[in-house]
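Structure, as structure tokens:
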Amino acid sequence: MQVSDVSPADLDDVLALNEACVPHLNSLDMEALRWFAANAPYFRLVRTAGRLAGFLIGLGPGLDYASPNYRFFCDRYASFGYVDRVAVAADARRLGVGSRLYEDYEDTLRGNAPVLTCEVNLRPPARASMAYHERHGFACVATQETEGGRKEVALMEKWL
């Protein structure tokens, strides 16, 4: 498993993987993906056998990003790492790709931010994601509805 920073040449593959993971992730367009590439302090991917196997986009406080889930953590903490999205290709699931990305992100945060945060869908339910996060030390601190009530998320945190 090779972890590396995203490059402009990766964006088409990252966008295709993101869209393959909808509705567990929100859809993106290339403009939004380029914004993440330019502004996210953490945007790394994993390759296996030369193919994109997964990616994680992590944000810190102070960005001009309107996500209500991100804003929840901005209002709560002066310093944090926020997993905006993590995606793993269907044929790479259960191979440790997501865990490798989370470990790498945690390593970059240690000494810089005390807490790692994210959200997990409750509606529609993302049961496997919830089980994963709970197994890895995340706890739900709040819930909120988004998208006019079409979605509900658990706002999760893990102290580092």
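Things to note:
- Unique residue being surrounded by 13 or more Cβ atoms within 10 Å (Cβ to Cβ), over 23 Å from Ala32 (Cα atoms) and not charged (D, E, K, R) when the list is Val86, Val115, Val46, Val120: Val115
- Arg150 at negative phi, at pLDDT 90 or above and charged (D, E, K, R): no
- Matching option when the condition is farther than 29 Å from Asp13 by Cα and either modelled with pLDDT under 95 or of a type in the set (S, T, N, Q) (or both), among Ser79, Ser67, Ser129, Ser99: Ser79
- Filter pass, Leu17 being hydrophobic (A, V, I, L, M, F, W, C) and within 21 Å of Ser99 (Cβ to Cβ): yes
- Failed condition for Gly58, given (1) buried (at least 22 other Cβ atoms within 10 Å of the Cβ); (2) touching a helix residue (DSSP H, G or I) at 6+ places or on another chain (Cβ under 8 Å); (3) within 17 Å of His24 (Cβ to Cβ): (3)
- Some residue of the stretch 128-135 being outside any loop (DSSP other than H, G, I, E, B), touching a His at 6+ places or on another chain (Cβ under 8 Å) and closer than 22 Å to Asn26 by Cα: yes
- Subset of the stretch 45-82 [more than 20 Å from Ala16 (Cβ to Cβ) and of a type in the set (A, V, I, L, M, F, W, C)]: Leu59, Leu63, Ala66, Phe72, Phe73, Cys74, Ala78, Phe80
- For the stretch 136-160, a residue qualifies if it is surrounded by fewer than 16 Cβ atoms within 10 Å (Cβ to Cβ), among the small types (Gly, Ala, Ser) and not in a loop (DSSP other than H, G, I, E, B), and the qualifying residues are Ala139, Ala142, Gly148, Gly149.
The values are calculated or read from the model by the stated rules, or taken from the named source; none is laboratory data. Computed from a predicted structure; not experimentally measured. Don't worry about glycine lacking a Cβ; one is built from the backbone with ideal geometry, like all the others, and counts go over all protein chains shown.
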